[in-house]
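Heads up, the thing below is written out as structure tokens.
Only the coordinates and a few stated rules stand behind these numbers; no lab work does. Quantities reported herein were computed from a predicted structural model and do not represent experimental measurements. Counting neighbours? That spans all protein chains shown, and the Cβs are built from the backbone with ideal geometry, glycine included.
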Amino acid sequence: MRTAGNVASASREPRAAFDVHRIRDDFPILQRQVYGKPLVYLDNAASSQKPRRVIDTIARFYEEDYANVHRGLHYLSERATEAYEGARAKVRSFLHAAQEREIVFVRGTTEAINLVAHGFGRKVLQPGDEILISAMEHHSNIVPWQMVCEERGARLRVVPIDDAGELLIDEVEKLLGPRTKLLALVHVSNALGTINPVETVIEMAHRRNVPVLLDGAQAVPHLAVDVQALDCDFYAFSGHKLYGPSGVGVLYGKAELLAAMSPYQGGGEMISSVTFEKTTYARIPAKFEAGTPNIAGAVGLGAAIDYVNSLGLEAVGAYENEMLAYATAKLAEIPQVRLIGTARRKAGVLSFVIDGIHPHDIGTVLDREGIAIRAGHHCAQPVMERYGVPATARASLACYNTKDEIDALVAGIGKVVEVFA
């Protein structure tokens with residue numbers, strides 16, 4: 001698996017083959033101004049912007065091919081079904097899954113994890129059993145497990161992290177035990193940028209016959225993911241972080257695990273037959289796709305995958321690595337700034353605090369400069385508690401960000417310090 005590496009080399013210039021200015025032209029929103037200043041969009045970990053290819057694909061689908069999918073016999077339904085299932089095929093290829101039936105369309109990473117908590121967790125957990133997570137998880141990979149553990153009398157256990165924001169691998173080994181029924185781990189931390197050593201963790205868990213779910217929401221825009229090479233049992237991600245539409249996401253699951261799981265929701269589409277006495281469920285993945293799906297969202301996600309593939313995730317990762325190194329070095333030159341999360345392997349996330357200035361105030365001042373960042377706990381309150389801060393300011397990178405934008409961020413932080421000095 002290719003990764004976005006570390007941030008060691010700030011001096012290297014981006015590869016000439018990666019034309020960021022051409023890429024920026026693909027994103028209409030990047031041409032606009034905010035408060036009379038050019039938009040500097042550095043909130044990509046929350047949601048990325050959309051290329052024209054995705055926007056046009058969704059508009060064209062609604063204009064030319066929209067209908068409900070699967071059961072219709074008419075032309076438009078067949079066209080819509082072809083587009084919807086074609087998107088599933090693109091996701092399968094993108095993740096290198098073995099079969100298309102291992103790809104379930106959901107609303108996003110949150111719903112994907114809840115689906116596994118409901119369909120897998122409720123089925124396998126007994127009183128005294130354990131779910132293992134890490135201390136850097138997003139709330140979406142904490143709360144569903146708390147809910148199912150409370151219901152089933154099970155226990156949630158947490159792998160700690162060190163001051164740099166790296167997983168303590170020795171603690172994974174210690175915490176994996178005979179009662180562990182699942183290990184659920186973020187691939188890339190949304191609050192710290194840490195790229196976890198998921199290959200090592202999966203191998204540890206599988207030695208004890210413990211299945212592994214990876215939260216890949218922050219990974220897929222930056223890293224090439226091969227679920228078969230990783231041998232993870234479940235993988236979840238959201239379309240809106242991958243330059244695609246909101247309201248659509250993916251759960252990958254090994255076919256034998258999905259087939260054994262209970263449905264998450266009941267209704268139309270997920271059935272084979274229904275009588276008042278008994279319902280027979282459809283085969284996977286339909287068993288988990290109750291009701292009319294987000295058809296246009298899936299089609300838009302397929303277009304986003306086509307776009308990312310046209311750039312090449314290896315090239316994207318290399319470019320973002322160089323931007324992260326440059327930004328890290330620049331922020332390190334500001335005495336008042338303290339970075340939260342300095343792992344050796346990071347994706348493009350820069351969480352920071354300025355002593356005596358609340359992150360919300362940082363975000364507000366930067367906003368007036370046209371700079372969009374995120375300020376808050378980033379749905380990762382245990383991470384904030386680990387570092388003894390209520391919140392951080394977070395700048396997060398995408399393939400279209402530039403050194404000039406990082407320089408604008410640094411200048412904006414200088415204004416923040418001046419205002420609150």
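In cubic angstrom, how much convex hull volume per residue do the alpha carbon atoms of region 268-401 span?
Hull volume over Cα atoms, normalised by residue count, gives 207 Å³.
Considering only Ile103, Ile142, Ile354, give the residue with the highest GNM mean-square fluctuation for the chain, with springs between Cα atoms whenever their separation is below 10 Å.
The residue with the greatest mean-square fluctuation here is Ile354.
Full extension from Asn68 to Val143: what is 0.36 nm times the residue separation minus their Cα-Cα distance, to one decimal in nm?
Using 0.36 nm per residue and subtracting the Cα-Cα distance, I get 23.7 nm.
Determine which lysines satisfy two conditions relative to Lys37: a Cα distance under 20 Å, and not lying fewer than 8 residues away in the same chain.
Lys403, Lys415
Which helices, taking whole DSSP H runs in the chain, have alpha carbons extending 24 angstrom or more along the helix axis plus mean Kyte-Doolittle at least 1.0?
295-311
Have a look at the DSSP beta bridges in region 173-278 and tell me what percent are antiparallel, nearest 5.
Once the DSSP bridges in region 173-278 are tallied, antiparallel ones form about 45 percent.
Using the Cα centre as the reference, give the magnitude of the dipole from point charges on the C-beta atoms of the chain (Lys, Arg: +1; Asp, Glu: -1; all else neutral), rounded to the nearest 20 debye.
Result for the chain is approximately 400 debye, rounded to the nearest 20.
Pairs of alpha-carbon atoms within less than 8 angstrom and 6+ residues apart define the contacts here; what relative contact order does region 164-296 have, in percent?
With pairs under 8 Å counted, the relative contact order is 15 percent.
Using a Cα distance threshold of under 17 Å, what count of lysine pairs results for region 55-309 when pairs must be 8 or more residues apart or interchain?
Lysine pair count for region 55-309: 7.
Rounded to whole Å, give me the distance from the Cα center of region 371-421 to that of region 178-228.
Going from one Cα centre to the other spans 26 Å.
For the chain, give me the percentage of DSSP beta bridges that are antiparallel, rounded to the nearest 5 percent.
About 60 percent, rounded to the nearest 5.
Using only alpha carbon pairs under 8 Å that are at least six residues apart, calculate the relative contact order of the chain and give it in whole percent.
26
Spin-label point model (7 Å from Cα, Cβ direction): what's the Ala59 to Ala89 distance in nm?
2.7
Reachable aspartates and glutamates from Lys330, Cα under 14 Å, same-chain residues fewer than 8 places away excluded?
Partners within reach: Glu322, Asp404, Glu405, Asp407.
Name the residue farthest towards the positive end of the dipole of the chain from the options Phe18, Leu42, Ile113, assuming +1 on Cβ of Lys and Arg, -1 on Cβ of Asp and Glu, about the Cα centre.
Value computed over the given set: Ile113.
Could you list Ser273, Ser93, Ser238 in order of exposure, starting from the residue whose Cβ has the fewest other Cβ atoms within 10 Å?
Going from sparsest to densest Cβ surroundings: Ser273, Ser93, Ser238.
Can you list residues from other chains, or at least 5 along the same chain, whose modelled amide H is less than 5 Å from the amide H of Gly249?
Hits under the 5 Å cutoff: Val106, Arg107, Gly108, Gly239.
Only Lys, Arg, Asp and Glu count, each charged at its Cβ (+1, +1, -1, -1), so figure out the dipole size of region 214-281 about its Cα centre, rounded to 20 debye.
I would put it at about 180 debye.
Over region 94-191, what is the relative contact order in whole percent, taking alpha-carbon pairs under 8 Å and six or more residues apart?
The normalised contact order for region 94-191 reaches 32 percent.
Run through region 187-289 and list the GluC sites (Glu not before Pro) located in a DSSP loop whose Cβ has at most 10 other Cβ atoms within 10 Å.
Sparse-neighbourhood loop GluC sites (Glu not before Pro): Glu277.
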